[in-house]
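Below: one structure, written as C-alpha coordinates.
The values are calculated or read from the model by the stated rules, or taken from the named source; none is laboratory data. Bear in mind that the values here come from a model prediction, so they are computed numbers and not experimental data. Glycine also receives a Cβ, built like all others from the backbone with ideal geometry; neighbour counts cover every protein chain displayed. The protein model used for the area step is the full one, side chains on, heavy atoms only, and it has no ligands, DNA or RNA in it. Shrake-Rupley method; radii C 1.70, N 1.55, O 1.52, S 1.80 Å.
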Amino acid sequence: MIAREDVPPAPPPRPAAVPRPQRLHPLTFVVGAVREMVALVGAGATGLLVGGLSTAFYFTLAGLVFGLAFHAATWATFTYTLHDDRIELRRALVGRSVKTIPRERIRGVDVSASLGHRLLGLAVVQIDAGADGGEGTLNAVSRQEAARLRRVLLSRDAAAAGPPGATALRPPRRTLARMRRRWYVYAPLSGAYLLTPFALAGSLLSALYNLGDDLGLVTEDRLTRLGHDVIGLPAAAVLATAAAVLLLMPVMSVIVFTLFNWDFTVYARDGSVIAERGLVTRRSVSLERRRIRGVEFADNPFERLARVVRVNALVTGLGDAAHRGRLLPAAPWGTAQDLTARVLGPVPAPLLPHPRAARGRRVARATAPPAALGALSLAAGQPLVAAGCAVLACCAVPIGLDRYRQLGHARDALRLTSRSGSLRRRQVVVDNRAIVGWRLRQTLFQRRLGLATLIAAVGAGDGGYPILDLAEDDAVALATGITPAWLEPFLDHPPSPPRKAA
(Lines give C-alpha, C1' and ligand atoms only; values in the text may rest on other atoms or scores of the structure.)
Protein backbone atom coordinates (compact mmCIF):
# COMPACT_ATOMS: atom_id res chain seq x y z
CA MET A 1 0.00 0.00 0.00
CA ILE A 2 1.42 3.35 -1.08
CA ALA A 3 1.09 6.20 1.34
CA ARG A 4 -0.03 9.47 -0.26
CA GLU A 5 2.01 12.49 0.69
CA ASP A 6 0.21 15.38 2.23
CA VAL A 7 -0.86 17.86 -0.47
CA PRO A 8 -0.67 21.50 0.60
CA PRO A 9 -4.02 23.27 0.44
CA ALA A 10 -4.75 25.27 -2.68
CA PRO A 11 -4.24 28.99 -2.28
CA PRO A 12 -7.45 30.98 -1.93
CA PRO A 13 -8.73 32.54 -5.16
CA ARG A 14 -7.49 36.03 -5.81
CA PRO A 15 -10.22 38.62 -5.56
CA ALA A 16 -11.28 40.12 -8.84
CA ALA A 17 -9.71 43.45 -9.55
CA VAL A 18 -12.08 46.32 -8.92
CA PRO A 19 -12.19 48.62 -11.96
CA ARG A 20 -10.94 52.10 -11.25
CA PRO A 21 -12.93 55.20 -12.21
CA GLN A 22 -11.44 57.03 -15.16
CA ARG A 23 -11.54 60.72 -15.99
CA LEU A 24 -11.83 62.38 -19.33
CA HIS A 25 -8.73 63.74 -20.99
CA PRO A 26 -7.33 66.82 -19.18
CA LEU A 27 -7.64 68.85 -22.40
CA THR A 28 -11.39 68.23 -22.50
CA PHE A 29 -12.35 71.46 -20.80
CA VAL A 30 -9.96 73.36 -23.09
CA VAL A 31 -12.03 72.42 -26.16
CA GLY A 32 -15.26 73.71 -24.64
CA ALA A 33 -13.60 76.76 -23.17
CA VAL A 34 -12.01 77.73 -26.48
CA ARG A 35 -15.38 77.38 -28.23
CA GLU A 36 -17.01 79.75 -25.76
CA MET A 37 -14.00 82.03 -25.68
CA VAL A 38 -14.28 82.70 -29.42
CA ALA A 39 -17.92 83.75 -29.05
CA LEU A 40 -17.29 85.82 -25.93
CA VAL A 41 -14.22 87.55 -27.36
CA GLY A 42 -16.22 88.39 -30.48
CA ALA A 43 -18.99 89.88 -28.35
CA GLY A 44 -16.47 91.73 -26.20
CA ALA A 45 -14.64 93.15 -29.22
CA THR A 46 -17.94 94.37 -30.63
CA GLY A 47 -18.81 96.03 -27.34
CA LEU A 48 -15.35 97.61 -27.22
CA LEU A 49 -15.70 99.07 -30.71
CA VAL A 50 -19.21 100.37 -30.15
CA GLY A 51 -19.16 101.62 -26.57
CA GLY A 52 -15.58 101.45 -25.34
CA LEU A 53 -14.82 99.89 -21.96
CA SER A 54 -18.48 99.62 -21.08
CA THR A 55 -20.20 97.45 -18.53
CA ALA A 56 -21.06 94.90 -21.24
CA PHE A 57 -17.35 94.41 -21.95
CA TYR A 58 -16.63 93.65 -18.30
CA PHE A 59 -19.55 91.25 -18.21
CA THR A 60 -18.00 89.51 -21.20
CA LEU A 61 -14.72 89.06 -19.37
CA ALA A 62 -16.58 87.77 -16.31
CA GLY A 63 -18.45 85.30 -18.54
CA LEU A 64 -15.16 84.10 -19.99
CA VAL A 65 -13.70 83.44 -16.55
CA PHE A 66 -16.88 81.72 -15.40
CA GLY A 67 -16.90 79.52 -18.54
CA LEU A 68 -13.33 78.39 -17.92
CA ALA A 69 -14.10 77.60 -14.28
CA PHE A 70 -17.28 75.73 -15.22
CA HIS A 71 -15.57 73.49 -17.76
CA ALA A 72 -12.72 72.77 -15.38
CA ALA A 73 -15.18 71.84 -12.60
CA THR A 74 -17.17 69.64 -14.97
CA TRP A 75 -14.01 67.76 -15.92
CA ALA A 76 -12.99 67.31 -12.27
CA THR A 77 -16.41 65.97 -11.18
CA PHE A 78 -17.10 63.54 -14.04
CA THR A 79 -15.82 59.95 -14.09
CA TYR A 80 -16.65 56.77 -15.97
CA THR A 81 -16.07 53.19 -14.84
CA LEU A 82 -16.01 50.24 -17.21
CA HIS A 83 -17.22 47.01 -15.56
CA ASP A 84 -17.50 43.54 -17.05
CA ASP A 85 -21.23 43.93 -17.67
CA ARG A 86 -21.85 47.69 -17.69
CA ILE A 87 -20.40 51.16 -17.89
CA GLU A 88 -21.16 53.77 -15.22
CA LEU A 89 -21.11 57.52 -15.77
CA ARG A 90 -20.90 59.59 -12.57
CA ARG A 91 -21.48 63.34 -12.25
CA ALA A 92 -21.11 65.34 -9.06
CA LEU A 93 -21.02 69.00 -10.07
CA VAL A 94 -24.24 70.18 -8.38
CA GLY A 95 -26.05 66.96 -7.49
CA ARG A 96 -24.70 63.45 -7.65
CA SER A 97 -25.98 61.23 -10.46
CA VAL A 98 -24.97 57.79 -11.67
CA LYS A 99 -26.02 56.54 -15.10
CA THR A 100 -25.58 52.82 -15.72
CA ILE A 101 -25.64 51.43 -19.26
CA PRO A 102 -25.61 47.61 -19.50
CA ARG A 103 -23.20 46.42 -22.15
CA GLU A 104 -25.76 43.92 -23.43
CA ARG A 105 -28.08 46.80 -24.40
CA ILE A 106 -25.49 48.83 -26.27
CA ARG A 107 -26.52 49.05 -29.94
CA GLY A 108 -23.72 51.17 -31.31
CA VAL A 109 -20.74 53.32 -30.42
CA ASP A 110 -19.97 56.48 -32.37
CA VAL A 111 -16.55 58.11 -32.37
CA SER A 112 -16.39 61.64 -33.77
CA ALA A 113 -13.70 64.29 -33.80
CA SER A 114 -14.14 67.90 -34.83
CA LEU A 115 -11.24 69.95 -36.12
CA GLY A 116 -10.34 71.12 -32.60
CA HIS A 117 -10.48 67.58 -31.23
CA ARG A 118 -8.31 66.28 -34.06
CA LEU A 119 -5.66 68.95 -33.49
CA LEU A 120 -5.46 67.91 -29.81
CA GLY A 121 -5.59 64.17 -30.50
CA LEU A 122 -9.01 63.78 -28.85
CA ALA A 123 -12.30 62.16 -29.81
CA VAL A 124 -15.90 62.15 -28.58
CA VAL A 125 -17.46 58.77 -27.76
CA GLN A 126 -21.25 58.48 -27.93
CA ILE A 127 -22.85 55.29 -26.60
CA ASP A 128 -26.26 54.31 -27.98
CA ALA A 129 -28.24 51.86 -25.85
CA GLY A 130 -31.60 52.22 -27.61
CA ALA A 131 -34.80 53.68 -26.24
CA ASP A 132 -34.59 51.83 -22.91
CA GLY A 133 -30.96 52.35 -22.02
CA GLY A 134 -30.62 55.87 -23.38
CA GLU A 135 -27.31 57.35 -24.42
CA GLY A 136 -24.05 58.32 -22.83
CA THR A 137 -21.42 60.73 -24.08
CA LEU A 138 -17.75 60.94 -23.19
CA ASN A 139 -16.46 64.32 -24.31
CA ALA A 140 -13.61 63.79 -24.77
CA VAL A 141 -10.96 61.07 -24.48
CA SER A 142 -7.78 60.30 -26.31
CA ARG A 143 -8.01 58.55 -29.67
CA GLN A 144 -6.46 55.38 -28.24
CA GLU A 145 -8.98 55.32 -25.39
CA ALA A 146 -11.85 55.94 -27.82
CA ALA A 147 -10.75 52.98 -29.93
CA ARG A 148 -10.45 50.78 -26.82
CA LEU A 149 -13.89 51.79 -25.54
CA ARG A 150 -15.50 51.07 -28.87
CA ARG A 151 -13.88 47.66 -29.07
CA VAL A 152 -14.75 46.74 -25.49
CA LEU A 153 -18.32 48.05 -25.41
CA LEU A 154 -19.27 46.22 -28.59
CA SER A 155 -17.52 43.01 -27.53
CA ARG A 156 -19.34 40.43 -25.43
CA ASP A 157 -16.07 39.04 -24.07
CA ALA A 158 -15.38 40.59 -20.68
CA ALA A 159 -11.69 39.73 -20.97
CA ALA A 160 -11.39 41.99 -23.97
CA ALA A 161 -11.42 45.09 -21.79
CA GLY A 162 -7.92 45.16 -20.46
CA PRO A 163 -6.56 48.05 -18.45
CA PRO A 164 -7.02 51.60 -19.72
CA GLY A 165 -4.34 52.58 -22.15
CA ALA A 166 -3.38 48.98 -22.90
CA THR A 167 -2.87 48.07 -26.55
CA ALA A 168 -4.30 44.71 -27.52
CA LEU A 169 -3.52 42.74 -30.63
CA ARG A 170 -6.49 43.44 -32.90
CA PRO A 171 -7.43 41.64 -36.09
CA PRO A 172 -6.93 43.70 -39.22
CA ARG A 173 -9.96 45.49 -40.54
CA ARG A 174 -11.59 44.25 -43.74
CA THR A 175 -12.80 46.95 -46.10
CA LEU A 176 -16.33 46.31 -47.37
CA ALA A 177 -16.87 49.42 -49.50
CA ARG A 178 -15.18 52.75 -50.11
CA MET A 179 -16.56 55.82 -51.79
CA ARG A 180 -14.77 56.94 -54.93
CA ARG A 181 -14.06 60.57 -55.69
CA ARG A 182 -16.16 60.64 -58.87
CA TRP A 183 -19.25 59.65 -56.86
CA TYR A 184 -19.31 63.11 -55.26
CA VAL A 185 -20.93 64.44 -58.44
CA TYR A 186 -24.05 62.47 -57.49
CA ALA A 187 -24.83 65.08 -54.82
CA PRO A 188 -27.05 67.30 -57.05
CA LEU A 189 -29.32 64.30 -57.69
CA SER A 190 -30.45 64.42 -54.05
CA GLY A 191 -32.82 67.22 -53.11
CA ALA A 192 -31.48 67.39 -49.56
CA TYR A 193 -27.95 68.34 -50.59
CA LEU A 194 -29.26 70.59 -53.38
CA LEU A 195 -31.18 72.72 -50.86
CA THR A 196 -28.58 72.64 -48.07
CA PRO A 197 -26.68 75.72 -49.38
CA PHE A 198 -29.92 77.74 -49.21
CA ALA A 199 -30.41 76.70 -45.59
CA LEU A 200 -26.83 77.70 -44.76
CA ALA A 201 -27.22 81.02 -46.58
CA GLY A 202 -30.48 81.70 -44.74
CA SER A 203 -28.82 81.01 -41.38
CA LEU A 204 -25.89 83.31 -42.25
CA LEU A 205 -28.17 86.13 -43.40
CA SER A 206 -30.26 85.76 -40.25
CA ALA A 207 -27.16 85.97 -38.05
CA LEU A 208 -25.89 89.05 -39.94
CA TYR A 209 -29.30 90.71 -39.67
CA ASN A 210 -29.49 90.11 -35.92
CA LEU A 211 -25.94 91.42 -35.45
CA GLY A 212 -26.67 94.49 -37.57
CA ASP A 213 -29.89 95.11 -35.69
CA ASP A 214 -28.07 94.95 -32.35
CA LEU A 215 -25.42 97.40 -33.58
CA GLY A 216 -28.02 99.76 -35.02
CA LEU A 217 -26.86 99.20 -38.61
CA VAL A 218 -30.24 97.87 -39.77
CA THR A 219 -33.01 100.46 -39.88
CA GLU A 220 -36.40 100.65 -41.55
CA ASP A 221 -35.24 103.34 -43.98
CA ARG A 222 -32.25 101.27 -45.11
CA LEU A 223 -34.40 98.20 -45.64
CA THR A 224 -36.89 100.25 -47.67
CA ARG A 225 -34.12 101.67 -49.85
CA LEU A 226 -32.66 98.20 -50.33
CA GLY A 227 -36.06 96.89 -51.41
CA HIS A 228 -36.47 99.71 -53.94
CA ASP A 229 -32.97 99.09 -55.28
CA VAL A 230 -33.70 95.38 -55.76
CA ILE A 231 -37.02 96.06 -57.49
CA GLY A 232 -35.38 98.65 -59.73
CA LEU A 233 -32.75 96.27 -61.08
CA PRO A 234 -32.83 95.76 -64.85
CA ALA A 235 -34.21 92.50 -66.24
CA ALA A 236 -30.78 91.44 -67.51
CA ALA A 237 -29.30 91.69 -64.01
CA VAL A 238 -32.17 89.65 -62.55
CA LEU A 239 -31.75 86.95 -65.19
CA ALA A 240 -27.98 86.88 -64.68
CA THR A 241 -28.45 86.52 -60.91
CA ALA A 242 -30.96 83.69 -61.38
CA ALA A 243 -28.61 81.92 -63.79
CA ALA A 244 -25.71 82.27 -61.35
CA VAL A 245 -27.82 80.81 -58.54
CA LEU A 246 -28.86 77.87 -60.73
CA LEU A 247 -25.22 77.22 -61.62
CA LEU A 248 -24.03 77.52 -58.04
CA MET A 249 -26.67 75.17 -56.64
CA PRO A 250 -25.06 71.94 -57.93
CA VAL A 251 -21.57 73.21 -57.14
CA MET A 252 -22.48 74.05 -53.56
CA SER A 253 -24.31 70.74 -53.14
CA VAL A 254 -21.14 68.88 -54.18
CA ILE A 255 -19.09 70.92 -51.69
CA VAL A 256 -21.51 70.22 -48.82
CA PHE A 257 -21.73 66.55 -49.79
CA THR A 258 -17.94 66.32 -49.79
CA LEU A 259 -17.64 67.93 -46.35
CA PHE A 260 -20.05 65.43 -44.81
CA ASN A 261 -19.04 62.27 -46.70
CA TRP A 262 -15.34 62.70 -47.48
CA ASP A 263 -13.55 59.33 -47.77
CA PHE A 264 -16.70 57.39 -46.77
CA THR A 265 -15.39 53.93 -45.86
CA VAL A 266 -17.24 50.87 -44.58
CA TYR A 267 -15.19 48.10 -43.00
CA ALA A 268 -15.64 45.14 -40.68
CA ARG A 269 -13.69 44.55 -37.47
CA ASP A 270 -14.29 42.79 -34.15
CA GLY A 271 -17.78 41.63 -35.14
CA SER A 272 -18.93 45.16 -36.07
CA VAL A 273 -19.59 47.08 -39.25
CA ILE A 274 -17.97 50.51 -39.02
CA ALA A 275 -18.69 53.48 -41.28
CA GLU A 276 -16.25 56.41 -41.26
CA ARG A 277 -16.85 59.73 -43.01
CA GLY A 278 -16.26 63.47 -42.85
CA LEU A 279 -13.63 66.03 -43.80
CA VAL A 280 -13.69 68.71 -41.10
CA THR A 281 -15.44 66.55 -38.49
CA ARG A 282 -14.47 62.91 -38.81
CA ARG A 283 -17.20 60.55 -37.58
CA SER A 284 -17.02 56.80 -37.05
CA VAL A 285 -20.22 54.83 -36.44
CA SER A 286 -20.01 51.23 -35.22
CA LEU A 287 -22.91 48.81 -35.66
CA GLU A 288 -22.95 45.35 -34.12
CA ARG A 289 -23.18 42.86 -36.93
CA ARG A 290 -25.41 40.50 -34.98
CA ARG A 291 -27.99 43.28 -34.55
CA ILE A 292 -28.24 44.13 -38.26
CA ARG A 293 -31.60 42.80 -39.41
CA GLY A 294 -31.59 44.07 -42.98
CA VAL A 295 -30.79 46.94 -45.32
CA GLU A 296 -32.82 49.54 -47.16
CA PHE A 297 -32.17 51.00 -50.61
CA ALA A 298 -33.62 54.45 -51.30
CA ASP A 299 -33.58 56.62 -54.41
CA ASN A 300 -35.57 59.19 -56.38
CA PRO A 301 -36.31 59.43 -60.14
CA PHE A 302 -33.11 61.36 -60.87
CA GLU A 303 -30.98 58.86 -58.98
CA ARG A 304 -32.74 56.00 -60.75
CA LEU A 305 -31.81 57.45 -64.14
CA ALA A 306 -28.16 57.42 -63.04
CA ARG A 307 -28.59 54.00 -61.34
CA VAL A 308 -27.52 55.51 -58.00
CA VAL A 309 -28.90 54.39 -54.66
CA ARG A 310 -28.48 55.15 -50.94
CA VAL A 311 -28.03 52.28 -48.48
CA ASN A 312 -29.14 52.22 -44.82
CA ALA A 313 -28.77 49.43 -42.28
CA LEU A 314 -31.76 48.23 -40.26
CA VAL A 315 -30.41 47.73 -36.74
CA THR A 316 -32.34 46.70 -33.65
CA GLY A 317 -32.93 49.60 -31.25
CA LEU A 318 -30.66 52.05 -33.09
CA GLY A 319 -31.41 55.70 -32.35
CA ASP A 320 -31.36 58.24 -35.20
CA ALA A 321 -31.21 55.36 -37.67
CA ALA A 322 -31.61 57.67 -40.67
CA HIS A 323 -28.10 59.08 -40.11
CA ARG A 324 -26.33 56.57 -37.91
CA GLY A 325 -27.39 53.57 -39.99
CA ARG A 326 -26.10 55.05 -43.25
CA LEU A 327 -23.87 52.57 -45.07
CA LEU A 328 -23.53 54.45 -48.37
CA PRO A 329 -24.72 58.02 -49.10
CA ALA A 330 -24.74 57.57 -52.90
CA ALA A 331 -23.28 54.73 -54.91
CA PRO A 332 -23.92 52.77 -58.10
CA TRP A 333 -26.46 49.98 -57.81
CA GLY A 334 -23.85 47.27 -58.31
CA THR A 335 -21.68 48.56 -55.47
CA ALA A 336 -24.71 48.73 -53.18
CA GLN A 337 -25.59 45.11 -53.96
CA ASP A 338 -22.01 43.98 -53.32
CA LEU A 339 -21.98 45.74 -49.94
CA THR A 340 -25.33 44.20 -48.99
CA ALA A 341 -24.06 40.75 -49.91
CA ARG A 342 -21.05 41.22 -47.61
CA VAL A 343 -23.03 42.62 -44.69
CA LEU A 344 -26.29 40.65 -44.89
CA GLY A 345 -26.22 38.30 -47.85
CA PRO A 346 -27.28 38.32 -51.52
CA VAL A 347 -30.45 40.22 -52.41
CA PRO A 348 -33.25 37.89 -53.58
CA ALA A 349 -33.99 38.39 -57.28
CA PRO A 350 -35.77 38.76 -59.61
CA LEU A 351 -38.71 40.69 -58.19
CA LEU A 352 -42.19 39.31 -58.78
CA PRO A 353 -44.66 41.81 -60.32
CA HIS A 354 -47.96 42.50 -58.59
CA PRO A 355 -51.43 41.88 -60.09
CA ARG A 356 -52.78 44.26 -62.73
CA ALA A 357 -55.58 45.24 -60.39
CA ALA A 358 -52.93 47.05 -58.35
CA ARG A 359 -52.24 49.36 -61.32
CA GLY A 360 -55.65 51.01 -61.18
CA ARG A 361 -55.38 51.32 -57.44
CA ARG A 362 -51.99 53.05 -57.67
CA VAL A 363 -53.29 55.49 -60.31
CA ALA A 364 -56.45 56.21 -58.29
CA ARG A 365 -54.47 56.93 -55.13
CA ALA A 366 -52.18 59.32 -57.05
CA THR A 367 -54.97 61.27 -58.79
CA ALA A 368 -57.61 61.25 -56.03
CA PRO A 369 -56.27 64.19 -53.90
CA PRO A 370 -56.03 66.81 -56.71
CA ALA A 371 -59.25 65.53 -58.31
CA ALA A 372 -61.17 65.82 -55.02
CA LEU A 373 -59.77 69.30 -54.40
CA GLY A 374 -60.73 70.34 -57.93
CA ALA A 375 -64.30 69.11 -57.44
CA LEU A 376 -64.62 71.09 -54.20
CA SER A 377 -63.17 74.19 -55.88
CA LEU A 378 -65.62 73.89 -58.77
CA ALA A 379 -68.50 73.54 -56.34
CA ALA A 380 -67.28 76.64 -54.50
CA GLY A 381 -67.22 78.68 -57.70
CA GLN A 382 -63.44 78.72 -58.24
CA PRO A 383 -62.96 77.55 -61.83
CA LEU A 384 -59.30 78.62 -62.03
CA VAL A 385 -58.39 76.56 -58.99
CA ALA A 386 -60.39 73.64 -60.38
CA ALA A 387 -58.52 73.90 -63.69
CA GLY A 388 -55.17 73.85 -61.87
CA CYS A 389 -56.24 70.78 -59.91
CA ALA A 390 -57.27 69.08 -63.16
CA VAL A 391 -53.78 69.70 -64.56
CA LEU A 392 -52.24 68.25 -61.41
CA ALA A 393 -54.47 65.18 -61.65
CA CYS A 394 -53.34 64.59 -65.24
CA CYS A 395 -49.71 64.95 -64.19
CA ALA A 396 -50.29 62.45 -61.37
CA VAL A 397 -51.29 59.68 -63.79
CA PRO A 398 -47.66 58.93 -64.86
CA ILE A 399 -46.66 58.91 -61.20
CA GLY A 400 -49.35 56.33 -60.44
CA LEU A 401 -48.24 54.16 -63.36
CA ASP A 402 -44.63 54.38 -62.19
CA ARG A 403 -45.69 53.39 -58.68
CA TYR A 404 -47.19 50.24 -60.13
CA ARG A 405 -44.06 49.48 -62.16
CA GLN A 406 -41.91 49.77 -59.04
CA LEU A 407 -44.01 47.32 -57.03
CA GLY A 408 -42.30 43.99 -56.54
CA HIS A 409 -41.18 41.40 -54.01
CA ALA A 410 -39.03 38.28 -53.82
CA ARG A 411 -37.80 35.83 -51.25
CA ASP A 412 -35.43 32.94 -50.85
CA ALA A 413 -34.63 30.59 -48.00
CA LEU A 414 -32.87 33.32 -45.99
CA ARG A 415 -34.17 36.77 -46.95
CA LEU A 416 -37.25 38.71 -48.03
CA THR A 417 -37.24 41.85 -50.17
CA SER A 418 -40.00 44.23 -51.23
CA ARG A 419 -40.02 47.46 -53.25
CA SER A 420 -42.51 50.32 -53.61
CA GLY A 421 -42.70 54.07 -54.22
CA SER A 422 -41.96 56.41 -57.10
CA LEU A 423 -40.82 59.88 -56.05
CA ARG A 424 -39.08 58.16 -53.15
CA ARG A 425 -38.58 54.50 -53.96
CA ARG A 426 -37.63 52.11 -51.18
CA GLN A 427 -36.50 48.53 -51.40
CA VAL A 428 -36.09 46.68 -48.11
CA VAL A 429 -34.12 43.47 -47.66
CA VAL A 430 -34.89 41.69 -44.38
CA ASP A 431 -33.45 38.55 -42.85
CA ASN A 432 -36.23 35.95 -42.49
CA ARG A 433 -35.15 35.25 -38.91
CA ALA A 434 -35.74 38.92 -38.03
CA ILE A 435 -39.46 38.71 -38.85
CA VAL A 436 -41.41 38.54 -35.59
CA GLY A 437 -44.95 38.66 -36.96
CA TRP A 438 -47.29 39.26 -39.88
CA ARG A 439 -50.22 41.57 -40.42
CA LEU A 440 -52.62 41.07 -43.32
CA ARG A 441 -54.59 44.24 -44.09
CA GLN A 442 -57.44 44.78 -46.56
CA THR A 443 -59.44 47.91 -47.20
CA LEU A 444 -62.91 47.87 -48.73
CA PHE A 445 -61.52 48.64 -52.19
CA GLN A 446 -58.80 46.00 -51.85
CA ARG A 447 -61.39 43.33 -51.00
CA ARG A 448 -63.38 44.21 -54.12
CA LEU A 449 -60.22 43.80 -56.23
CA GLY A 450 -58.94 40.67 -54.47
CA LEU A 451 -55.85 42.46 -53.15
CA ALA A 452 -54.21 42.64 -49.73
CA THR A 453 -51.26 44.35 -48.05
CA LEU A 454 -48.90 42.08 -46.13
CA ILE A 455 -46.84 43.78 -43.41
CA ALA A 456 -43.73 42.05 -42.11
CA ALA A 457 -43.11 43.05 -38.48
CA VAL A 458 -39.39 43.48 -37.79
CA GLY A 459 -37.80 44.68 -34.56
CA ALA A 460 -35.60 47.17 -36.40
CA GLY A 461 -35.92 50.26 -38.55
CA ASP A 462 -39.57 51.34 -38.94
CA GLY A 463 -40.79 48.22 -37.12
CA GLY A 464 -42.91 47.00 -40.04
CA TYR A 465 -42.47 46.92 -43.81
CA PRO A 466 -45.53 46.59 -46.07
CA ILE A 467 -45.75 44.62 -49.32
CA LEU A 468 -48.46 46.58 -51.11
CA ASP A 469 -51.37 45.25 -53.17
CA LEU A 470 -50.57 41.55 -53.35
CA ALA A 471 -53.11 39.02 -54.53
CA GLU A 472 -54.78 37.45 -51.50
CA ASP A 473 -53.46 33.95 -52.21
CA ASP A 474 -49.96 35.30 -52.89
CA ALA A 475 -49.94 37.17 -49.57
CA VAL A 476 -50.88 34.05 -47.62
CA ALA A 477 -48.44 31.88 -49.57
CA LEU A 478 -45.60 34.36 -49.01
CA ALA A 479 -46.09 34.49 -45.24
CA THR A 480 -46.59 30.73 -44.97
CA GLY A 481 -43.47 30.04 -47.02
CA ILE A 482 -41.31 31.99 -44.58
CA THR A 483 -42.94 31.00 -41.27
CA PRO A 484 -45.11 27.95 -41.96
CA ALA A 485 -45.49 26.96 -38.31
CA TRP A 486 -47.23 30.25 -37.55
CA LEU A 487 -49.93 30.14 -40.22
CA GLU A 488 -50.61 26.54 -41.28
CA PRO A 489 -52.78 25.74 -38.20
CA PHE A 490 -55.16 28.54 -39.26
CA LEU A 491 -55.49 27.51 -42.92
CA ASP A 492 -58.34 25.31 -44.13
CA HIS A 493 -56.31 24.14 -47.12
CA PRO A 494 -52.62 24.28 -48.02
CA PRO A 495 -51.64 27.55 -49.70
CA SER A 496 -50.92 27.56 -53.40
CA PRO A 497 -47.22 27.58 -54.32
CA PRO A 498 -45.71 31.03 -54.86
CA ARG A 499 -45.60 32.42 -58.36
CA LYS A 500 -42.39 32.44 -60.31
CA ALA A 501 -40.93 35.58 -61.82
CA ALA A 502 -41.80 36.20 -65.41
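Rounded to whole Hz and in sequence order, give me ³J(HN,Hα) for the range 112-129 from the Karplus expression 6.51 cos²θ - 1.76 cosθ + 1.60, θ = phi - 60°, writing x for Gly and Pro.
Computed from phi, the couplings for the range 112-129 are 10, 8, 6, 4, x, 5, 5, 5, 8, x, 10, 8, 9, 10, 10, 9, 10, 10 Hz.
Shape verdict for the range 247-382, please, from the Cα gyration tensor: rounded (a/c under 1.5), prolate (a/b greater than b/c) or oblate.
It is prolate, given that a/c is not under 1.5 and a/b is the larger ratio.
Rounding to the nearest 20 debye, state how big the charge dipole of the range 407-495 is about its Cα centre with +1 on each Lys and Arg Cβ and -1 on each Asp and Glu Cβ. Please report the intermediate quantities before stating the final value.
On the way: 11 positive and 9 negative charges, 94 e Å.
The calculated dipole for the range 407-495 is roughly 460 debye.
How much FRET efficiency would the formula 1/(1 + (r/R0)^6) give for residue 357 and residue 436, where r is the Cβ-Cβ distance and R0 is 25 Å, rounded to 0.05?
Working: r = 30 Å, r/R0 = 1.19.
That gives a FRET efficiency of 0.25.
Around residue 293, which amide H atoms from residues at least 5 apart in sequence, or from another chain, sit under 5 Å from its own amide H, with H modelled in the peptide plane?
314, 315, 316
Express the accessible area of the range 407-495 per residue in Å², computed with a 1.4 Å probe while the remaining protein chains stay in the model.
Values: 4460 Å² over 89 residues.
Spelled out: the 1.4 Å probe surface of the range 407-495, per residue, equals 50 Å².
Sticking with the crude label model, points 7 Å out along Cα→Cβ, report the distance from residue 115 to residue 66 in nm, one decimal please.
Distance between the two pseudo-spin positions: 2.9 nm.
If you plug each phi of the range 341-353 into the Karplus form 6.51 cos²θ - 1.76 cosθ + 1.60 with θ = phi - 60°, what whole-Hz ³J(HN,Hα) values come out, in order, with x for Gly and Pro?
5, 7, 8, 10, x, x, 7, x, 7, x, 7, 7, x
State the extension gain, in nm to one decimal, for the chain segment bounded by residue 405 and residue 174, taking 0.36 nm per residue of separation less the distance between their alpha-carbons. Present the calculation step by step, with values, prior to reporting the outcome.
Numbers: separation 231, 0.36 × 231 = 83.16 nm, distance 3.77 nm.
So the chain would gain 79.4 nm between residue 405 and residue 174.
Among 372, 392, 357, pick out the residue whose Cα is farthest towards the positive end of the charge dipole of the range 355-405, where Lys and Arg carry +1 and Asp and Glu carry -1 on C-beta, about the Cα centre.
Highest projection toward the positive end goes to 357.
Would you calculate the separation in nanometres between label points at residue 453 and residue 376, each defined as 7 Å from the Cα along the Cα-to-beta-carbon direction?
For residue 453 paired with residue 376, the spin-label model returns 2.1 nm.
With all protein chains present, how much of the accessible area of the range 265-343 (probe radius 1.4 Å) comes from carbon and sulfur, to the nearest whole percent?
Numbers: 1400 of 2640 Å².
Here it works out to 53 percent.
Give me the percent relative contact order of the range 407-495, please, defined on Cα pairs under 8 angstrom at least 6 residues apart.
Numbers: 132 pairs, mean separation 17.2, N = 89.
Relative CO of the range 407-495 lands at 19 percent.
For the range 265-343, what is the relative contact order in percent, using Cα pairs closer than 8 Å and at least 6 residues apart in sequence?
Values: 116 pairs, mean separation 17.7, N = 79.
In percent, rounded to a whole number, it is 22.
Ignoring everything but the protein chains, give the 1.4 Å probe accessible area of residue 468 in square angstrom, nearest 10.
40
Tell me, what ³J(HN,Hα) does each residue in the range 291-302 have, in order and in whole Hz, if you take phi through Karplus 6.51 cos²θ - 1.76 cosθ + 1.60 with θ = phi - 60° and put x for Gly and Pro?
For the range 291-302, the Karplus curve yields 9, 7, 9, x, 9, 10, 9, 9, 7, 10, x, 5 Hz.
Report the full-extension gain for the segment residue 368 to residue 263: residue separation times 0.36 nm, less the Cα-Cα distance, to one decimal in nm.
33.3 nm
Rolling a 1.4 Å sphere over the protein heavy atoms, what is the accessible area per residue of the range 279-390, to the nearest Å²?
Details: 4990 Å² over 112 residues.
Dividing the accessible area of the range 279-390 by its residue count gives 45 Å².
Could you tell me the calculated FRET efficiency between residue 235 and residue 73, based on Cβ-Cβ distance and R0 = 60 angstrom, to the nearest 0.05? Don't skip to the answer; put the middle values down first.
On the way: r = 62 Å, r/R0 = 1.03.
Computed FRET efficiency for residue 235 and residue 73 comes out at 0.45.
Whenever you get a sec, compute what percent of the accessible area on the range 355-405 sits on carbon and sulfur atoms (1.4 Å probe). Mind showing how you got there, number by number?
Numbers: 2210 of 3110 Å².
Carbon plus sulfur share of accessible area: 71 percent.
Please find the FRET efficiency linking residue 412 to residue 443, where r is the Cβ-Cβ separation and R0 is fixed at 30 Å, and quote it to the nearest 0.05.
Numbers: r = 30 Å, r/R0 = 1.00.
For R0 = 30 Å, the calculated efficiency reads 0.50.
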